[in-house]
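*Asks:* The structure under discussion is supplied below as structure tokens; questions concerning it will follow.
We did not get these values from a lab; they are worked out from the coordinates using the rules stated. Keep in mind it's a predicted model, so treat the numbers as computed, not measured. Every residue, glycine as well, gets a Cβ built from its backbone with ideal geometry; the counts of neighbours run over all protein chains shown.
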Amino acid sequence: MRRRLSIFVLLGLMAATAGCSTGDAKKNAPTYKLPEAGTLHDNIQGFTARDISYALYLPKKFIPGGTTAGSGKGNTLKAGIRRWPVIVAFDPHGAGAIPVKKYMELADRYGFILIGSNNSKNGLPVNETWAIVSALITEVLAVYPVDTSSFCMAGFSGGSRVAAIAAMDFPIINAVIGCGAGLPGGTLPTVNRFSYFGIVGTGDFNMGEMLALEEPMTGAGIRHFITTFAGIHTWPPTEVMEEAIRWNLLNAMRDRTMPSSDSTVAAILEDMRKKVTVLKAANRLIAASDACREAAQFAAGLASAEWFSVELDRLRKLPAYKNQVDYRNAILKKESVEQAFLQESLASKDLPWWNHKVEMMGSKNMKGKNPEDTLMNSRLKAYLSLLCYSYANSAMAHHEPELASRIISVYEISDPPNPEPNYMKAVLLAGRSENEAALNQIKVAAGKGFSDKGRMMQQPEFEALKSSPAWFDLLKPMK
């Protein structure tokens, strides 16, 4: 089992960074009774703005039931109140509880407040997203005892782009953890500079985009690291997110916003050494070299990185390493061409062609080939799913039901477990007053995991379904 850093050591380190003001809080500053610590709260209504909501986890060491005047301008903390690092997360579907629940163990281990927006989601106008982010930052600073030297934004997919936009617009944000998508429009920060830790799965259709951040960020002098994990387009596993949090922790030591700890640095680097050894033994030489580079950056200015530098040099001299790098680069070029072809084919190819195409993307047809081929096909299937989702929504918004229906059929072929194609089918069917067929499609979607009662209730095409007993049966188990 991988050695963990002592939670008590780390919490002690984080506590040592928590500065306290020497003055009293302003007499008229509002105070807020905070929710219970050590408990996942999936829907906190905004204290300062009632039109926002968020999921919240306060670490177990947080004072339960405490009150605070926050840490923002005009809300000076009372002497003795500890200030906490904060991570604000953005899910592409506005499901703030997903990242909060997934990473609340890390919040306990490393001592930070964890918040997930329930309002920000894909498809919103830019000005609306900006207003949500602004209101949430105001809320965090006004309500919670935040260590403003450690204010991090995290996000997945479209939420990753939101996190980056927020950091570009709000100087108080000093770190971003971007998962599964890069910066909006490839724009690099110019005025507000922040540290950036990028995470992407090797089966994620955005892998090429994320890896391509390396060169421009290096050229712009932005402190960053991009890492991969064996997975698809999703929030990263806890152990991978932990690397990002450790990176921020060590950056704080380098920046002297928290005291340095030789034992903490040594424990992190020992874990990294073990990771390199395991990856090398598995012949995952690119991943092993990336881990060496990551560890060297972790150690910079804090400890010797000699072991990792020597190991990286050895790896790069191996013929097998060069072969793996060359093959991956060739695959990424091929993938870019294939993405363009899929986009062109969406409106022109029939369903039998798509059935065959998707079948050939399956890993069962890739036996005996380089693993990078299988990963490319996994990324292309995910790309096709997102492409269909976007194009189908556009066709429906422009009242082109025949085009939408054809694209939704391809969507279902490309991503069978996804309930979204069936939900979209239900919307089209209800729009044609084919109510029984629409209810059947909703039932199929529910069987695949669809459970968004609020969305169903607000769907205008479903008004005529609401008098059916089957409608109420479908709603009962939903949230």
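*Asks:* Would you work out which of 152, 459, 234 lies farthest towards the positive end of the dipole of the chain, given +1 charges on the beta-carbon of Lys and Arg and -1 on that of Asp and Glu, about the Cα centre?
*Replies:* 152
*Asks:* List the pair-distance distribution P(r) of region 323-475, using every Cα-Cα distance, as the percent of pairs falling in each 10 Å bin from 0 up to the bin containing the longest distance, rounded to whole percents.
*Replies:* Spelled out per bin, shortest first, that is 10, 35, 28, 17, 8, 2, 0.
*Asks:* Is any residue of region 409-446 close enough, with backbone N under 17 Å, to a label point placed 7 angstrom from the Cα of residue 467 along the Cα-Cβ axis, and if so, which?
*Replies:* 430-439
*Asks:* Using a simple spin-label model with points 7 Å from Cα along the Cα→Cβ vector, what separation in nm is obtained for residue 238 and residue 51?
*Replies:* Spacing of the two 7 Å Cα→Cβ label points: 3.7 nm.
*Asks:* Restricting to the chain, what percent of DSSP beta bridges are antiparallel, rounded to 5?
*Replies:* 25
*Asks:* Ok, one more. From the helices alone, meaning DSSP H stretches of at least four residues, give me the mean residue ellipticity at 222 nm for the chain, per-run term -39500 (n - 2.57), in deg cm²/dmol to the nearest 500.
*Replies:* One gets -16500 deg cm²/dmol as the mean residue ellipticity at 222 nm.
*Asks:* Answer with a single label: of (i) 33.8; (ii) 31.4; (iii) 25.0, which was calculated as mean projected area of the Cα convex hull in nm² from the structure in view?
*Replies:* Of the labelled values, this structure produces (iii).
*Asks:* Might you report the magnitude of the Cβ-based charge dipole of the chain about its Cα centre, with Lys and Arg at +1 and Asp and Glu at -1, to the nearest 20 debye?
*Replies:* Computed about the Cα centre, the dipole is about 1180 debye.
*Asks:* Taking the dipole about the Cα centre of region 323-475, with the C-beta of Lys and Arg at +1 and of Asp and Glu at -1, give me whichever of 413, 392, 331 is farthest to the positive side.
*Replies:* Farthest along the dipole direction, towards plus: 331.
*Asks:* Next question. Work out the FRET efficiency for residue 254 and residue 405 from their Cβ-Cβ distance, taking R0 = 35 Å, and round it to the nearest 0.05.
*Replies:* 0.05
*Asks:* While we're looking at this one, here's another question. Once you've got the Cα coordinates, tell me which of 443/476; 61/101; 425/466; 102/448; 121/466 are over 19 Å apart.
*Replies:* 102/448; 121/466
*Asks:* For region 273-349 and region 394-433, what is the centre-to-centre distance using only Cα atoms, to the nearest Å?
*Replies:* If you average the Cα positions of each part, the centres end up 38 Å apart.
*Asks:* Amide H to amide H, which residues 5 or more places from residue 226 or on other chains are under 5 Å from it, using H placed in the peptide plane?
*Replies:* 198
*Asks:* Which order results if 280, 476 are arranged by neighbouring Cβ count within 10 Å, fewest first?
*Replies:* Numbers: 280 20, 476 7.
With the fewest neighbours first, 280, 476 line up as 476, 280.
*Asks:* List every residue whose amide H lies under 5 Å from the amide H of residue 84, counting only residues 5 or more places away in sequence or on a different chain, with H placed 1.01 Å from N in the peptide plane.
*Replies:* 146, 147
*Asks:* Follow-up. What does a probe at residue 128 reach in region 376-398, counting residues whose amide N is under 20 Å from the point 7 Å along Cα→Cβ?
*Replies:* Flagged as within label range: 389-398.
*Asks:* Name the residue from 299, 370, 44 whose Cα lies farthest towards the positive end of the charge dipole of the chain, charges +1 on Cβ of Lys and Arg and -1 on Cβ of Asp and Glu.
*Replies:* Result: 299, furthest along the dipole toward the positive end.
*Asks:* Follow-up. At 7 Å along Cα-to-Cβ for each site, give me the label-to-label distance between residue 341 and residue 432 in nm.
*Replies:* Roughly 3.2 nm, to one decimal.
*Asks:* Using the Karplus equation 6.51 cos²θ - 1.76 cosθ + 1.60 (θ = phi - 60°), what ³J(HN,Hα) coupling, rounded to whole Hz, does each residue of region 281-294 give in order, writing x for Gly and Pro?
*Replies:* Listing the rounded values in order: 5, 8, 6, 8, 6, 5, 5, 5, 5, 4, 5, 5, 5, 4 Hz.
*Asks:* Report the relative contact order of the chain, percent, no decimals, based on alpha-carbon pairs under 8 angstrom and at least 6 residues apart. It would help to have the intermediate numbers written out before the result.
*Replies:* Working: 809 pairs, mean separation 43.3, N = 479.
It rounds to 9 percent for the chain.
*Asks:* Something else now. What nm distance separates the two modelled labels at residue 478 and residue 451, each placed 7 Å from Cα along Cα→Cβ?
*Replies:* Distance between label points: 1.3 nm.
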